[in-house]
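Asker: A single structure is presented below for examination.
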């Protein structure tokens, strides 16, 4: 029983394109357009390969920068105890649709002043309950820094978006280049067919020669 080999894998295809692009192998059937097509594919693969570490580096730099900003912000915050003046009421954040609970509360600012405002509280908070909040040097209630998980998620999204954008540009450029090469190949084929088809079909006048 004869085994039927499948299509060549990515490594043999890469080798074939390398031979064609750099004129190796001496295959007389390989046209200049085929070599140009191989060079375009190799350049696109190289561009995507270079985009991946660049975008990963950008995401890492963004993560480090975000963590540094959070650490600097955290040193300027103060943890205080606020006393709820109203029960917790539900609030849906516009845009995100996330649900949070808020209540009016009073607390003592770092400078000793009594400050009131609306703060985030756990669900079910009642009047008089103590709630831990963070305030800045002026005593204003501020949200806690986003933390490591959120910083990592935002950095990863940034890297993925950057890589997707660069990959899309490379693929678009490759598609345009291949379309141009295909158009040239079609024009060359039509020109060759116009020259050879009359000979193959016998429509050209032949010399009458004695046999």
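Since every read-out is calculated from the coordinates, none of them should be taken as a lab result. Everything quoted here is computed from the prediction, not taken from an experiment. All Cβ positions, even for glycine, are placed from backbone atoms using ideal geometry, and neighbour counts span all protein chains on display.
Asker: Going by the alpha-carbon gyration tensor, a ≥ b ≥ c the square roots of its eigenvalues, is the stretch 78-193 rounded (a/c under 1.5) or, if a/c is not under 1.5, prolate (a/b greater than b/c) versus oblate?
Answerer: In terms of gyration-tensor shape, prolate.
Asker: Shape of the stretch 78-144 from its Cα gyration tensor (a ≥ b ≥ c, root eigenvalues): rounded if a/c is under 1.5, otherwise prolate when a/b > b/c, or oblate?
Answerer: Values: a/c = 2.53, a/b = 1.46, b/c = 1.73.
Since a/c reaches 1.5 but b/c is at least a/b, the shape of the stretch 78-144 is classed as oblate.
Asker: How far apart, in nm, are the 7 Å Cα→Cβ label points at residue 175 and residue 78?
Answerer: Result: 5.9 nm between the two label points.
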